[in-house]
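The block underneath contains the structure these notes are about, expressed in structure tokens.
The values are calculated or read from the model by the stated rules, or taken from the named source; none is laboratory data. A quick note: this is a predicted structure, and the numbers were derived from the prediction, not measured. As a convention, Cβ positions derive from the backbone with ideal geometry for all residues, glycine included, and neighbour counts pool all protein chains shown. Heads up: the accessible areas ignore ligands, DNA and RNA and are worked out on the full protein's heavy atoms, side chains in. Shrake-Rupley method; radii C 1.70, N 1.55, O 1.52, S 1.80 Å.
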Amino acid sequence: MTGGPRAGAEGPAGLAAAVIEQVPTLLLAVRARRPLVHVFGNFVTMQATANVIRAVGALPVMAMARDDAVEMAGQADALVLSLGTPMPDRLEAMLAAGRAAAAREIPIVLDPVGVGATGFRNRAAGDLLAHVPVTVVRANRGEAASLLGVAGQVRGVESTADGDPDDHGALAAALARRLGCVVAVTGPRDCVAGGDRRLTVEGGHPWLAAVSGTGCMVTALVGAFCAVGAAAGADRLASATAALACFAAAAERAARRADGPGTLVPHLLDSLYHLTPDQARQAVRITEA
């Protein structure tokens with residue numbers, strides 16, 4: 001990881017404060033640089049994911065045929081791999097695009113949707129993690145637990161193990177040590193871990209859980225923020241945390257204008273689009289986990 005705050009130099013409280021200060025810089029960098037985020041999207045949520053990338057100021061592309069995906073990974077600033085609707089040919093294309101992205105050392109974000117529900121998804125996630133140098137994993141609690149080998153945590157593609165949000169930090173840290181990358185475990189409280197560093201993001205709104213695709217949306221934002229992180233002086237941990245914090249802040253603003261889950265999404269897009277650096281700095285709530 002390049003740049004960014006280090007817990008050893010600043011301590012946990014200093015780490016959280018330093019990341020909060022980087023949030024406006026990263027948000028401005030996304031809008032100024034307009035990174036190209038190559039997403040292997042979930043067919044169920046592809047349009048919503050593309051709209052969120054657009055709303056924050058980045059550029060989405062969803063090239064999933066093998067040869068097209070490899071060429072696009074040669075141009076993209078970040079690669080996002082989702083297991084939302086996995087198929088053998090898509091998995092082969094993901095692996096090929098992952099190798100192309102790795103050769104260019106761009107961020108690779110994995111969303112292991114539904115891992116723990118079927119053997120097929122488990123094997124797919126294992127292949128990707130074994131052969132692609134994933135830099136960030138964004139998962140719900142059930143998926144993260146399944147990647148650690150705890151069975152019975154996922155039903156369909158939904159977590160059945162939300163449990164106590166206070167243990168999300170320990171789960172994220174354990175998985176980050178296992179995989180050797182940054183891990184974000186999202187839920188009522190989001191926890192991000194990498195190395196010996198752990199951060200918690202508060203915020204969002206319960207209506208997010210009633211909308212299909214909000215996990216895909218935030219994973220895409222992680223890709224966009226990581227795409228500009230190094231140039232903005234932020235490492236992967238700070239970039240992923242900033243993305244989660246901006247999404248949570250925008251969701252809170254959106255919920256104040258919405259009547260329920262059905263109207264939350266358009267207001268969420270508006271809130272992301274209009275979120276200013278000063279609003280982001282004031283609204284985000286990041287603490288040491």
| task | Report the FRET efficiency, 1/(1 + (r/R0)^6), for Arg178 and Thr263, where r is their Cβ-Cβ distance and R0 is 35 Å, rounded to 0.05. | result | 0.30
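Placing +1 at every Lys and Arg Cβ and -1 at every Asp and Glu Cβ, with all other atoms neutral, what dipole size does the range 46-160 have around its Cα centre, in debye to the nearest 20?
Approximately 300 debye in magnitude.
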| request: List the residues of the range 112-127 whose backbone N lies under 17 Å from a point placed 7 Å from the Cα of Leu148 along the Cα-to-Cβ direction. | output: 112, 115-117
| task | Under 11 Å from the Cβ of Val222, count the other residues' Cβ atoms, weight Lys and Arg +1, Asp and Glu -1, and hand me the total. | result | 0
| FRET E, pair Val61, Asp167, Förster distance 51 Å, beta-carbon r, rounded to 0.05 | 0.90
| note | Output row, site Val44, 7 Å Cα→C-beta label point, backbone N cut-off 16 Å, window the range 120-135, residues 121-122
| task | Taking the Cα centre of the chain as origin, work out the dipole magnitude from +1 charges on Lys and Arg Cβ and -1 charges on Asp and Glu Cβ, in debye rounded to 20. | result | 200 debye
| Rounded to 5, the percent of DSSP beta bridges in the chain classed as antiparallel | 40 percent
| task | For the range 35-131, calculate the relative contact order in percent as a whole number, restricting contacts to Cα pairs under 8 Å that are 6 or more residues apart. | result | 29 percent
| message | Could you check the spin-label model distance between Ser212 and Ala17? Points 7 Å from the Cα along Cα→Cβ, value in nm. | response | 4.6 nm
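Counting only protein heavy atoms and a 1.4 Å probe, tell me what percentage of the chain's accessible area is made up of carbon and sulfur.
Ligands and nucleic acids excluded, carbon and sulfur reach 51 percent.
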| request: Give the accessible surface of the chain per residue, rounded to a whole number of Å², with probe radius 1.4 Å and ligands, DNA and RNA excluded. | output: 39 Å²
| note | Taking the alpha-carbon centre of each part, the distance from the range 218-289 to the range 178-208 in Å is 13 Å
| If you stretched the chain out fully between Asp127 and Arg256, how much longer would it get, using 0.36 nm times the residue separation minus the C-alpha to C-alpha distance? | 42.2 nm
| field | Computed helical MRE - 222 nm, the chain, DSSP H runs ≥ 4 contributing -39500 (n - 2.57), nearest 500 | value | -17000 deg cm²/dmol
| request: Take the alpha carbon gyration tensor of the range 48-133, find the square roots of its eigenvalues, order them as a ≥ b ≥ c, and report rounded if a/c is under 1.5; if not, report prolate when a/b exceeds b/c, else oblate. | output: oblate
| said: Applying a 10 Å radius around every beta-carbon, put 274-281, 14-21, 48-55 in order of their mean neighbour count, most first. | reply: 48-55, 14-21, 274-281
| message | If I take every Cα pair under 8 Å that is 6 or more residues apart in the range 156-289, average their sequence separation and divide by the length, what percent do I get for the relative contact order? | response | 23 percent
